[in-house]
Amino acid sequence: MSEEKIVDKSAQCTVQKQSECVKSTAPQNVTVILPAYNEEVYIGSIVLLTKYYADSVIVVDDGSSDRTAEIARKAGAEVIVHEVNKGKGAALKTGFAAAANFGADIIVTMDSDGQHNPAEIQKLVNPIIRGKADMVNGSRYLNGLGKNTPSYRRVGQTILDGATKLSSGLQITDSQSGFRAFSASTKDIFRFKAQGMAIESEMLADAGKYGLRIAEVEIGVRYDVGCSTEHPIKHGFGVLLMILKDIEFNKPLYYLTIPGLALGIIGLVMGTIFIQDFTMGKSLYFGPTMLMILLIIVGSFMALTGILLHSISAILEDAKTA
């Protein structure tokens, strides 16, 4: 028995299902997007394998300096080339637009470095075919962080999952997964603004904002191929900063008002203690007194700014729906 988790802001449930066949008989056009940057080593075999489980394969060559595009074409993929490297978000935006033009009913995104198994595509598209989800997230950690996962990844993943949950409001176990399936009807809700791997969290934030029905299915992953040249700590901080920026603009009450209230309360507590000490004839020290004043001023400013931004955001949302 395989397991699939339906994720919703208001409720979560677990749906048990029998093992599925490789190809669905439902008349759904499944198009796979492979954003690629200097992936000539893996791209040919990934395209060939993916063609067994999809109707179309689109490779978006994002400014590669090697033979990625040439090999992908020879393997049978539709290839779109960015003349310069624009980042994964831009590559996915190009791929989603092309998939729509090809008449895709379901769009699947995969990394092109060999970490994902194309044979698992059917697991991702089944909840959409059955009408149970608009988006499906392939999770490496649906049953917990695996022992095979490097320790630095486990720590970073936990932090990024928590931040993504705060940003999107979704209970996702693998916020950084690049192996996902989407109903083609969702293509216009995503911003595709993030430059690097932060696009994964950005798409979840957009999905949460628009109330998409999201399912998670368990997937495997290989860590012995396609290692990123970017330092994992630098990468993790970059993604975290993007998520926090998203929270700042989309949920200012979380980002500004709550921390501001906390700072203001600390300042008021300090002020109460200082007043009690002063009435008892004790001296007030310059440093702690200035810190108290600073906490109250900064806290009040942050809290009021968060409330103001939240009000502006609500007005803009009402204007869009009007």
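Listed values, structure above:
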| read-out | value |
| --- | --- |
| For SER112, solvent-accessible area (1.4 Å; no DNA, RNA or ligand), Å² | 10 Å² |
| Amide proton proximity set for GLY169, modelled H, under 5 Å, gap of 5+ | none |
| Equivalent-ellipsoid semi-axes of region 252-319, from the Cα gyration tensor, Å, largest first | 34, 9, 7 |
| Positive-end extreme of charge dipole, region 30-229 - chosen from PHE182, THR31, ILE214 (charges on Cβ) | ILE214 |
| Ratio of Rg to Rh over region 41-95 (Cα coordinates, Kirkwood Rh, two decimals) | 0.95 |
| Directionally averaged shadow of region 30-229, computed from the convex hull of its alpha-carbon atoms, nm² | 10.2 nm² |
| In region 252-308, chymotrypsin sites (Phe, Trp or Tyr not before Pro) in a DSSP loop with at most 13 other beta-carbon atoms within 10 Å | TYR285 |
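The values are calculated or read from the model by the stated rules, or taken from the named source; none is laboratory data. Nothing here was measured: the structure is a model prediction, and the numbers come from that model. Don't worry about glycine lacking a Cβ; one is built from the backbone with ideal geometry, like all the others, and counts go over all protein chains shown. The area values use the complete protein model at the heavy-atom level, side chains included, leaving out ligands, DNA and RNA. Shrake-Rupley method; radii C 1.70, N 1.55, O 1.52, S 1.80 Å.
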